[in-house]
Every structure is written in C-alpha cells, then in structure tokens.
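Right, one structure below, let's go through it.
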Amino acid sequence: MERSELLRISVRVLLVWTVLSVLAFTYREALGYFMLPFVKFGLLELTQDFSPGLKLQAKEGDYLIALSAWVLRPMPLFAGLTVNPGAEMTAGTHLTHTLVPPVITLTLVMAWPCFSLLQRVIACGLGLLVSLILVTATVPLLLLGDLEMMFQNLAADAGQVKPVSYYLDLMIFLEGGGRWLLAVVSALICMPVSAYLARKIQKTR
C-alpha cells in the first residue's frame, strides 16, 4: 500500500472517529437506554443467582449503567458468611467507556477501503450487529466482575480466602484493553465477510 493511500485512510479514520465520538457523547443517554434490555438479556443468560434491575445513573458528568441484583438463592462466600435470598447487591460501569468499543468497530468498517458501495453498506450493517453482540456479552461480564470484586473484598476483610470467579478474570481482561481488542478484531472480521457477501450478491444480479 502506497504512502498516499495510507495517508488517505488515516485521515478518513480520524474524521470518522471524530464524528462518531461526538455523536456517541451527544446521544449517550438515549444509546444507554437502548442498550439496557440487551445488557439485561446477557445477565440473565450468564447467571441465575440474581434477579437484575438496570438503570442509567448520572454521575460526575457521565452516566453509569447501574445494576441492582437481588439474590435469588443462598450464596455461600466462605466459612461463616452466606448471602441470603432477598439481599440486594449493586454494581456499575461507565456508559461512556461502554460506547468506545462500538465507536472503534464502526470507525474501522466505515473508513476501511471497500470495492463498492454495497460492500460498505454490508460492512456497516455487520459492524452495528457485532457491536450490539459485544455490548450484550461484555457489559454483563463487567457488572458481574464488579460484584465478584465486592465479594473478594468482604472475604479479605474477614481474613478469609474466596476462590476467584472467572467473572473477575474476564472483567480484568476487558478493563485492561480487552474490549478495545475485541472491537478491532470484530471490525477486521467484518471487512472480508462484507466483501464476500457483496461479491456473492453482485454475481446473482
């Protein structure tokens, strides 16, 4: 790839990133409410220990995706402490951080070179779909990991050791850059898939 082409792509990425970032920040509250049912679906698929309630909570100029989880069955944490049914546990994750991976994915699929307008449309559709899937899968893991961290702190305060749940490991991975990595990989997958589908559609015409 020539330097001039790389420069054009870089400029396009910067422009698309800027526009999408401004739109995501401006309409973050509406986007947050749109995502809540998908996050709740992900939570219900991952665990049956809680009855989740979700809301957007304003905090320091941003919004939290706030989880209120009511325990449905006894949860022994360590010797001498069991969380009883009916107890309410809370967790949260920043909405702005949640919107960054979709912005990354959509920036790449909108700025990446395409051989036709049809491929671009397909790539954008796939990008939206994949972004929604990632939100549905990753945000519940972050919230459950936050709950697990609270359980670990309770155990540490009591001088006990609680086995680490995989929710906490996944939360650390996602918070350490895993969300952004998944967004980039998703975009890179969308491009060849969109090219294949576009060529297949064109051949049938």
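Footprinting exposure proxy ranking of Cys190, Cys114, Cys124, fewest other C-beta atoms within 10 angstrom first, gives Cys124, Cys114, Cys190. Exposed loop sites were defined as GluC sites (Glu not before Pro) in DSSP loop states (anything but H, G, I, E or B) carrying at most 16 other C-beta atoms within 10 Å; in the chain the longest segment without such a site runs 61-205. A straight chain from His94 to Thr204 at 0.36 nm per residue would run longer than the Cα-Cα distance by 35.0 nm. Hull volume per residue, based on the alpha-carbon atoms of the stretch 108-205 and their convex hull, is 86 Å³. Taking a sphere under 9 Å around the Cβ of Ala69 and counting the other residues whose Cβ falls inside, with K and R at +1 and D and E at -1, yields a net charge of -2. The Glu60 and Met150 beta-carbon pair, evaluated with R₀ = 25 Å, returns a calculated FRET efficiency of approximately 0.75.
For Lys55, the aspartates and glutamates whose Cα falls under 13 Å of its own Cα, not counting residues fewer than eight places away in the same chain, are Glu29. Loop-resident chymotrypsin sites (Phe, Trp or Tyr not before Pro) (DSSP state other than H, G, I, E or B) in the stretch 59-116 with no more than 16 further Cβ atoms inside 10 Å of their Cβ: Phe115. Using θ = phi - 60° in the Karplus curve 6.51 cos²θ - 1.76 cosθ + 1.60, the 3J(HN,Hα) couplings for the stretch 29-43 round to 5, 5, 5, x, 5, 5, 7, 3, x, 6, 5, 5, 4, x, 4 Hz; x is entered for Gly and Pro.
For the chain, the longest principal axis of the C-alpha atoms and the axis of helix 3-26 are separated by about 40°.
Which of Leu43, Leu81, Leu31 moves the most in a Gaussian network model of the chain with Cα springs under 10 Å? The residue that fluctuates most here is Leu81.
Shown here: the stretch 1-114, whose C-alpha atoms stretch 66, 29, 22 Å along the first, second and third principal axes, sorted largest to smallest.
How large is log10 I(q)/I(0) at q = 0.13, 0.14 Å⁻¹ when the Debye formula is applied to the Cα atoms of the chain, each weighted equally and without solvent? The calculated log intensity ratios at q = 0.13, 0.14 Å⁻¹ are -0.79, -0.87. Taking Lys and Arg as +1 and Asp and Glu as -1, the other residues whose beta-carbon sits under 13 Å from that of Val11 total +2.
Read-outs throughout are calculated quantities, based only on the coordinates presented, and are distinct from any laboratory measurement. Note that this is a predicted model, so its numbers are computed, not measured. Glycine gets a Cβ as well: all are built from the backbone with ideal geometry, and neighbour counts include every protein chain shown.
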